[in-house]
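Trainee: If you scroll down you'll find the structure; I have some questions about it.
Readers should treat all values here as calculations from the given coordinates under stated rules, not as data from a laboratory. In this text the structure is predicted, and so the values were computed from the model without any measurement. Glycine gets a Cβ as well: all are built from the backbone with ideal geometry, and neighbour counts include every protein chain shown.
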Amino acid sequence: MEGSLFDDARVAAEAAVAPLAVRMRPRTLDEVVGQRHLLGPGTPLRRLVEGDAPLSLLLWGPPGTGKTTLAHVVSATTRRRYVELSAVTAGVKDVRAVIDAAREALAMHGAQTVLFIDEVHRFSKTQQDALLPAVENRWVTLVAATTENPFFSVISPLLSRSLLLRLEPLTDDDVTAVVRRALSDERGLGGELVLADDALTHLLRVAGGDARRALTALEAAAGAAKGLGAAEITLAILESSIDRAAVRYDRDGDQHYDVVSAFIKSMRAGDVDATLHYLARMIEAGEDPRFIARRIVILASEDVGLADPTALPVAVAAAQALELIGLPEARLSLAQAAIHLALAPKSNAVITGLDSATADIRAGMTGSVPPHLRDSHYRGAVKIDHGLGYRYPHDFPDALVAQQYAPDVVDGKDYYRPSGHGAEQEAQVRVAQLRTALRAGRRGSVQTPTEPES
């Protein structure tokens, strides 16, 4: 009895000093905020918890979206032993020790174990292999969390033996609900303080969809407010407590459009310093990084184009890196791509060429495909002269042969006009050579399109 009282007192003492994010951890699935696609009636996760099914989980999602929380809920709701390992510090020996203890508890007392492994992507193949017998034989219910794409970072046998659940970033409404609960709940601040609206707005920007980050910042601000004897957490108190100035940026208003416009125009102009300023400003304000990545990819073709053929691959690689590793690390990939594009020679020949061709199409200048270019790979095509007279370029010197390719109505129009900047210096020469060779001895060209405005 005394041991039981001592244990209860120890648990209470630990809870009192635990971080706010730990104290506010949901106790049931119904208390979990966000992840509605995983928590609805009949979903695999709810069936696992409510049906007490011995099934291992692999949770994939950004930081602060509830991976550790779900592991605790699975353990608490199913009344299983809970053991937590971090892939940063644990080795094969630690994994095997936990598995041996779980087997003993199962054999001696019928007690099942939930083994939570945080950052499982940091485990080597050998360490992940050590988990397979325990998962295969259900000695433990494995709940493994990762922020990286598990198809690249987790071995296939472990993937195939686990239910993969993808957690989505929390919305501002989700984080707001978490913060308001922490302000009012007895496990949290118990209604002792209120949070100013502008402070909440800044807190959401700082959190960036990470509930743990939001609660950590709130706890720091609450401590500062109490130290000052204040009943309200103001923006100034919040800023000072987390040492991060509020960025004046409205993601749904003028600042959103003004800053991203300045970002694009700075890259286009080659001002690398202004480019980095606006990029940092958007990231710090909590702008959706996927939106930033999309703008960089668009600019790579719209304003750089073939003046630097490496621009688009670099931009796409940055966008893919963002999906693979997420923030904060992916901000470096975004910065690298933005710097590359700012320094690259510029050409808008891609967009002006496409726009000129599109304008003609919309004006009705389509025309029929020349008969010798039409498909001739079906029975009967020869009877209607499809493909008749086509000359295969590889049968000619330099793989060039003069014949008509465009419809009559636009034959001879010059849509693509290389700028002469960067790699398009060579493109200018090549385009001129090709046009001369392809149009030699054929009928005169029609008038070329008017030079589009930049």
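Trainee: Between GLY188, VAL272, LEU106, whose Cα lies farthest towards the positive end of the dipole of the chain when Lys and Arg beta carbons carry +1 and Asp and Glu beta carbons carry -1, centred on the Cα centre?
Mentor: LEU106
Trainee: Could you count how many Lys pairs in the chain have their Cα atoms under 27 Å apart, skipping same-chain pairs fewer than 8 positions apart?
Mentor: Numbers: LYS67/LYS93; LYS67/LYS125; LYS93/LYS125; LYS265/LYS346; LYS346/LYS413.
For the chain, qualifying lysine pairs total 5.
Trainee: Another question, then. Amide H neighbours of LEU195 under 5 Å, counting only residues 5+ apart in sequence or on other chains, H built in-plane at 1.01 Å?
Mentor: So LEU195 has HN proximity to ILE233.
Trainee: What residues qualify as long-range amide H neighbours of LYS413, i.e. H under 5 Å apart, gap of 5 or more or another chain, H built at 1.01 Å from N?
Mentor: VAL446
Trainee: Rank these for me by crowding, SER261, SER240, going from fewest to most other beta carbons within 10 Å.
Mentor: Values: SER261 12, SER240 15.
If I rank by nearby Cβ atoms, fewest first, I get SER261, SER240.
Trainee: Among [x] 22.9; [y] 27.3; [z] 23.8, which is the computed Kirkwood radius over Cα pairs in Å?
Mentor: Read-out from the structure maps to [y].
Trainee: Okay, next question. Treat every Asp and Glu Cβ in the chain as -1 and every Lys and Arg Cβ as +1, leave all other atoms uncharged, and give the resulting dipole magnitude about the Cα centre to the nearest 20 debye. Before the final figure, lay out each step's value.
Mentor: Details: 49 positive and 58 negative charges, 286 e Å.
Around 1380 debye, computed over the chain.
Trainee: Moving on to the next point. Within 10 Å, count the other beta carbons around each residue, average over each peptide in 181-194, 214-227, and list them highest first.
Mentor: Numbers: 181-194: 15.5, 214-227: 20.3.
Put in order of decreasing packing, that is 214-227, 181-194.
Trainee: Okay, moving on. Ranked by Cβ crowding within 10 angstrom, fewest neighbours first, how are LYS265, LYS346 ordered?
Mentor: Working: LYS265 15, LYS346 23.
In order of increasing Cβ crowding within 10 Å: LYS265, LYS346.
Trainee: How large is ³J(HN,Hα) for each residue in segment 82-89, as worked out from phi by the Karplus curve 6.51 cos²θ - 1.76 cosθ + 1.60 (θ = phi - 60°), to whole Hz, x for Gly and Pro?
Mentor: Running phi through 6.51 cos²θ - 1.76 cosθ + 1.60 with θ = phi - 60° gives 10, 10, 10, 10, 9, 5, 6, 10 Hz.
Trainee: Remind me, relative contact order of segment 43-181 in percent, using alpha carbon pairs under 8 angstrom and six or more residues apart? Numbers along the way, then the final one.
Mentor: Numbers: 214 pairs, mean separation 50.2, N = 139.
Rounded, it is 36 percent for segment 43-181.
Trainee: Give me MET24, MET365 ranked fewest to most by other Cβ atoms within 10 Å of their Cβ, as a rough exposure proxy.
Mentor: Starting with the residue having the fewest Cβ neighbours, the order is MET365, MET24.
Trainee: How large is the charge dipole for segment 254-343, taken about the Cα centre, if only the Cβ atoms of Lys, Arg (+1) and Asp, Glu (-1) carry charge, to the nearest 20 debye? All intermediate terms of the calculation are to be shown ahead of the outcome.
Mentor: Working: 7 positive and 12 negative charges, 23 e Å.
About 120 debye.
Trainee: Report the relative contact order of the chain, percent, no decimals, based on alpha-carbon pairs under 8 angstrom and at least 6 residues apart.
Mentor: Working: 653 pairs, mean separation 49.1, N = 454.
Computed over the chain, the figure is 11 percent.
Trainee: Excluding ASP308 itself, what net charge comes from residues whose Cβ is under 15 Å from its Cβ, given Lys and Arg +1 and Asp and Glu -1?
Mentor: Details: positive: ARG268, LYS346; negative: GLU302, ASP303, GLU424, GLU426.
It works out to a net charge of -2.
Trainee: Assign one of three labels to segment 172-242, namely rounded, prolate or oblate, based on the Cα gyration tensor with a ≥ b ≥ c the square roots of its eigenvalues; rounded applies when a/c is under 1.5, prolate when it is not and a/b is larger than b/c, and oblate otherwise.
Mentor: On the way: a/c = 1.73, a/b = 1.20, b/c = 1.43.
The shape class here is oblate.
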